[in-house]
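Reviewing the structure listed below.
The values are calculated or read from the model by the stated rules, or taken from the named source; none is laboratory data. As the structure is a computational prediction, the values presented were derived from the model and not from experiment. Glycine also receives a Cβ, built like all others from the backbone with ideal geometry; neighbour counts cover every protein chain displayed.
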Ligand SMILES: [Zn+2]
């Protein structure tokens, strides 16, 4: 093993340690193999080998910056320790734009909240929204006592950026659709930024330091007014070739029964999308179809079921069986370690016991060890995930 050089300029070995340190600082949930770190972390270091990464990690372990452990599979993985936090003073700013509000958060590198604020956004005025975001970032940097331009910035928004055109699409803030939101904000903010779908931000937040912390593969699910999803692998969002990784809400409900076909019409033009069954309005519509004249919204149906109402109880039983089918479909493709649930319907306690009992029927495995858990960060998950987006 070579001695560690001390002279300047930094040796390739020290450059590599710096790259690994930056990676671990910006991916606090990452626990990865040598090969994984070589692949994920050190793209900036030309022609590095796994042996060189192992040597660097051994030095970092000796300094107490990383800890090594062996997983049940036998794989050796490395994760950062608390010592590493001390040397990293980076402030991460996340902004979530949703409907008529923008929320900003500033986090320390270890996820401690420095500030959080909500502002109403100007309606239907693209330029005014850009100006507001730039002002929020400048104010946050001042309050965090850092230089302008020093914080990293991530933006979470409904919809997604087209990888082909760079234009936003599918946002319910329609004035943003068809606009180069990322490059326009980069011009205003004078730095590169990261932009992602709000469900991806949710999944990243929970995978980084929330309910799915330390899990290698995480599927984040939003069950609310709509149904969305995001996949995080080793601390990174899996955006996918078309920028729609994890978007399961507009797949058809799997293993449909005869009376579920063709299913309710969806705004996307299809019938029987998962969203038409598993969103809050979908649950209420299903209840109304069985109990004619009962127009209760989802939260009221949940409350009445808890109070012993048999028809509401039956509606929740249909819902959780469909949720089990829809998630079994995901498990058969992605096979996540943890599925973490957010959105208004994540607050129904019974799902976390009933659904894993039910999904075994459709998962193509003799046993299912996937965990189904409720979010840890609640309303903050989207904006926290936006802050975790920039990878360096
Ligand atoms: Zn649809």
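Residues in the range 172-191 that are touching a residue at least 12 places away in the same chain (Cβ under 8 Å), part of a loop (DSSP other than H, G, I, E, B) and farther than 22 Å from residue 378 by Cα: how many? Don't jump to the end; show me each part of the working.
Taking the range 172-191 first, the residues touching a residue at least 12 places away in the same chain (Cβ under 8 Å) are 172-177, 179-185, 188-191.
Checking the rest, the ones that are also part of a loop (DSSP other than H, G, I, E, B) come to 172-173, 177, 179-180, 190-191.
With farther than 22 Å from residue 378 by Cα added as a condition, the list becomes 173, 177, 179-180, 190-191.
So the answer is 6.
If you take the residues in the range 224-259 that are more than 25 Å from the chain's Cα centre (by Cα) and either buried (at least 17 other Cβ atoms within 10 Å of the Cβ) or more than 16 Å from the ligand (Cβ to nearest atom) (or both), which one is nearest to residue 212 (Cα to Cα)?
So in the range 224-259, the residues more than 25 Å from the chain's Cα centre (by Cα) come out as 255-259.
Retained after the next criterion (residues that are either buried (at least 17 other Cβ atoms within 10 Å of the Cβ) or more than 16 Å from the ligand (Cβ to nearest atom) (or both)): 255, 257-259.
On the way: 255: 28, 257: 33, 258: 36, 259: 36 Å.
Restricting to residues being more than 25 Å from the chain's Cα centre (by Cα) and either buried (at least 17 other Cβ atoms within 10 Å of the Cβ) or more than 16 Å from the ligand (Cβ to nearest atom) (or both), the top hit is 255.
Can we say residue 291 is away from the ligand (no atom under 16 Å from the Cβ) and closer than 13 Å to residue 345 by Cβ?
On the way: away from the ligand (no atom under 16 Å from the Cβ): yes; closer than 13 Å to residue 345 by Cβ: no.
So residue 291 fails the test.
Spot the failing condition for residue 327; the list is (1) farther than 17 Å from residue 274 by Cα; (2) in contact with a helix residue (DSSP H, G or I) (Cβ under 9 Å, 6 or more places away or on another chain); (3) not in a loop (DSSP other than H, G, I, E, B), and only one is missed.
For residue 327, the exception is condition (1).
Give the residues of the range 261-278 that are within 10 Å of the ligand (Cβ to nearest atom) and in contact (Cβ under 8 Å) with a residue 24 or more places away in the chain, sorted by residue number. Lay out the reasoning, then the answer.
Narrowing the range 261-278 to residues within 10 Å of the ligand (Cβ to nearest atom): 263-276.
Those that are within 10 Å of the ligand (Cβ to nearest atom) and in contact (Cβ under 8 Å) with a residue 24 or more places away in the chain: 273, 274, 275.
Would you confirm whether any residue within the range 316-327 is touching a strand residue (DSSP E or B) at 6+ places or on another chain (Cβ under 7 Å) and touching a residue at least 24 places away in the same chain (Cβ under 8 Å)?
Applying the first criterion (touching a strand residue (DSSP E or B) at 6+ places or on another chain (Cβ under 7 Å)) to the range 316-327 yields 327.
Now drop any that are not touching a residue at least 24 places away in the same chain (Cβ under 8 Å), which leaves 327.
Yes, the range 316-327 contains at least one residue that is touching a strand residue (DSSP E or B) at 6+ places or on another chain (Cβ under 7 Å) and touching a residue at least 24 places away in the same chain (Cβ under 8 Å).
With respect to residue 240, is the statement that it is at pLDDT below 95 and touching a strand residue (DSSP E or B) at 6+ places or on another chain (Cβ under 9 Å) true?
Details: at pLDDT below 95: yes; touching a strand residue (DSSP E or B) at 6+ places or on another chain (Cβ under 9 Å): yes.
Yes; evaluated as a whole, the condition is true for this residue.
Sort through 38, 25 and tell me the only one that's in contact with a helix residue (DSSP H, G or I) (Cβ under 9 Å, 6 or more places away or on another chain), at pLDDT below 70 and either surrounded by 21 or more Cβ atoms within 10 Å (Cβ to Cβ) or not in a loop (DSSP other than H, G, I, E, B) (or both).
Working: 38 fails: at pLDDT below 70.
Going through 38, 25 in turn, the sole match is 25.
Got a sec? Which of 245, 282, 229, 249 is assigned to a strand (DSSP E or B), touching a helix residue (DSSP H, G or I) at 6+ places or on another chain (Cβ under 9 Å) and within 25 Å of residue 351 (Cβ to Cβ)? Reasoning before the result, please.
Working: 245 fails: assigned to a strand (DSSP E or B); 282 fails: assigned to a strand (DSSP E or B); 249 fails: assigned to a strand (DSSP E or B).
After applying the criteria, what remains is 229.
How many of the residues making up the range 250-262 are in contact with a strand residue (DSSP E or B) (Cβ under 8 Å, 6 or more places away or on another chain) and either modelled with pLDDT under 95 or farther than 23 Å from residue 299 by Cβ (or both)?
Within the range 250-262, the first condition is being in contact with a strand residue (DSSP E or B) (Cβ under 8 Å, 6 or more places away or on another chain), and the residues that meet it are 250-253, 262.
Adding the requirement that they be either modelled with pLDDT under 95 or farther than 23 Å from residue 299 by Cβ (or both) leaves 250-252, 262.
Number of matching residues: 4.
Using the structure shown, decide if residue 281 is more than 27 Å from the chain's Cα centre (by Cα), within 15 Å of the ligand (Cβ to nearest atom) and within 29 Å of residue 218 (Cα to Cα).
On the way: more than 27 Å from the chain's Cα centre (by Cα): no; within 15 Å of the ligand (Cβ to nearest atom): yes; within 29 Å of residue 218 (Cα to Cα): yes.
The answer is no for residue 281.
Take residues that are surrounded by 12 or more Cβ atoms within 10 Å (Cβ to Cβ), in contact with a helix residue (DSSP H, G or I) (Cβ under 7 Å, 6 or more places away or on another chain) and modelled with pLDDT of 95 or more and tell me which of the strands (runs of 3 or more DSSP E) falling wholly in the range 65-134 contain 3 or more. Walk me through it before giving the result.
Details: elements: 66-70, 76-80, 92-98, 101-107, 113-120.
By residue number, 92-98, 101-107.
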